[in-house]
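These notes are about the structure you will find just below.
Readers should treat all values here as calculations from the given coordinates under stated rules, not as data from a laboratory. Since the model is a prediction, treat every value here as computed from it, not as a measurement. Ideal geometry is used to build each Cβ from the backbone, glycine not excepted, and the neighbour counts take in all protein chains shown.
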Amino acid sequence: MKPDFNFRYYQVTKLILLVIALYVLSELFINWIIQVLGNYEIEYYRFYPSVILLCLLFSLINKNLHKIPFLWKWIIKVPLIRGTYTGKVKFNYNNQESFKHCKLIIFQTTSDLQVDCYFWNVDEDGKKISSSQTKSESIVEEIVKKKNGLFQLLFYYRQLGNGDSTIPIREGFNVLNFKKDGQLRRLEGKYFASNSLSKGNGGTMTVDFQTKKLKHI
């Protein structure tokens, strides 16, 4: 069975220490179980139980470490950016500067990233125009550390357009800088896109962190 985790974002030295510590603890736990079973005259044949237990522990860490930010910061080499962000994308359309409201939903574990984006216009009363809403989903994602110490979120995405096909299917790439200043957490940068009509464009995106909850539309 293929494990549901990997180690690409772990700090190597601390990962080694963690593996050693968890292995020792799992061995102590299994030996205690064997002793307890022996008291009831139950025989137990070992078959790599420590390795199996270690895999289970790392699977739990992968799914839940984001709930303990100080441990995440200690062992993971990229920032915890999981959550819901809102803001705007700006672009040039028919030689006119324009913008749309947007929301980013970032799912993040120690192993994986997934970015869902929603875009929409609003009417004069500030209400969402449903027919203008589109959604994109990331296909390939990565967080990288630049030479100046800042982090960038990079992802290739696919947008399926809207229901009546007035907005075409698009594919593109986002390069967003992660900025943290006190309570402010912001992703801002550029995106590039080409659509199913073979037309290309791009623009800028700025979104601010709103909540840890992953609030889809």
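Rounded to two decimals, the Cα radius of gyration of the chain over 2.2 N^0.38 Å is 1.35. Using the rule -39500 (n - 2.57) for each DSSP H run of four or more residues, divided by the residues of the chain, the 222 nm mean residue ellipticity is -8000 deg cm²/dmol.
Can you give the FRET efficiency for Asp4 and Lys73, using 1/(1 + (r/R0)^6), R0 = 35 Å, r = Cβ-Cβ distance, to the nearest 0.05? Display every interim value, and only then the final one.
Working: r = 23 Å, r/R0 = 0.65.
Calculated value: 0.95.
Given q = 0.16, 0.19, 0.31 Å⁻¹, what are the Debye log10 I(q)/I(0) values for region 44-101, with equal point scatterers placed on the Cα positions and solvent ignored? Scattering profile of region 44-101, log10 relative to I(0): -0.72, -0.81, -1.19. Projected label points at Leu184 and Val140, each 7 Å from Cα along the beta carbon direction, are separated by 3.3 nanometres.
Which of the GluC sites (Glu not before Pro) across region 1-109 are loop residues per DSSP, with 10 or fewer other Cβ within 10 Å? When the GluC sites (Glu not before Pro) of region 1-109 are filtered for loop state and at most 10 Cβ neighbours within 10 Å, Glu41, Glu43 remain. Taken over the alpha carbons of region 1-122 as equal point scatterers, the Debye sum produces base-10 log I(q)/I(0) values at 0.11, 0.21, 0.23 Å⁻¹ of -0.58, -1.15, -1.27.
Across the chain, Cα pairs under 8 Å and at least six residues apart give a relative contact order of 17 percent.
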